[in-house]
1. Name the residues whose placed amide hydrogens come within less than 5 Å of the amide hydrogen of ILE150, ignoring near sequence neighbours (fewer than 5 apart) on the same chain.
2. Can you give me the Kirkwood hydrodynamic radius for the chain, using every pair of distinct Cα atoms, in Å to one decimal?
3. In debye, nearest 20, what is the charge dipole magnitude of the chain about its Cα centre with +1 on Lys and Arg Cβ and -1 on Asp and Glu Cβ, if you could check?
4. Around LEU72, under 13 Å between beta carbons, what's the net of Lys plus Arg minus Asp minus Glu among the other residues?
5. Fewest to most neighbouring Cβ within 10 Å: what's the order for HIS79, HIS126, HIS106, HIS172?
6. Write down the Å³ per residue value for the convex hull defined by the alpha carbon atoms of region 31-75.
7. Along Cα→Cβ, 7 Å out, is where each label goes; now give me the distance between the ones at SER131 and THR26 in nm to one decimal.
8. Grab the DSSP H runs of the chain that are 4 residues or longer, score each as -39,500 (n - 2.57), total them, divide by all residues and round the 222 nm result to the nearest 500 deg cm²/dmol.
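None of the figures in this text is laboratory data; all of them are computed from the coordinates on show. Given the structure is predicted, the values throughout are model-derived calculations rather than measurements. Heads up, the Cβs are rebuilt from the backbone with ideal geometry, glycines too, and the neighbour counts pull from every protein chain shown.
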Amino acid sequence: MPPTEYARSSPTSECKVLNAKKGVITKMKILIINGPNLNLLGLREPDIYGRRSLSDLEVICTDAVSGTGTDLAFFQSNHEGAIVDKIQSAYGVFDGIIINPAAYTHTSVAILDALKAVCIPTVEVHLSDISSRESFRQFSYISLYAEKTICGRGFDGYTEAIAYLTEKYGKH
Ligand code: DQA
């Protein structure tokens, strides 16, 4: 369980510039980051993560934004530093981040700090319901920054995250 002094810090109190963008971005650019072992989707523990691949996920997300004006970019890495570098490079480029940090969810202060540094609206996604799995999966460093966390919805979690970001920050 998380120590009690940990609290989700709302980006709305820290990111005044980005707050000004709510509901006004005409062509949203969203970066979708997948962490370690998610390149093995379909092969990896299919009873938990399903039989579809990472490429299948990217097609589903791309289809979900087709004709909407939203642009997606995909990044997967098994390396914490590469994920930190990617988040840093998103500053000034992307309007939203969707991240499944995989095992780094439960260990990475570095990814948490990178997200806080760039201050881009972020949705955390997990294919499985981490709250009902082993105790070591039940705490997420990333949840301390992410403005929304979606767990246990499989691939739908990603399209729900896209919908959340585009509805909140995109122009309607
Ligand atoms: C995961 C859950 C994590 O605990 C695990 O380490 C993963 C995948 C999920 O999508 O359910 O690699 O993030």
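1. GLU124, VAL125, HIS126
2. Values: mean 1/r = 0.0619 Å⁻¹.
For the chain, the Kirkwood estimate is 16.2 Å.
3. Values: 17 positive and 19 negative charges, 87 e Å.
Computed about the Cα centre, the dipole is about 420 debye.
4. Taking every Cβ under 13 Å from that of LEU72, the sum is -2.
5. HIS172, HIS79, HIS106, HIS126
6. 64 Å³
7. 4.0 nm
8. Details: 7 runs with 58 residues, N = 172.
About -9000 deg cm²/dmol.
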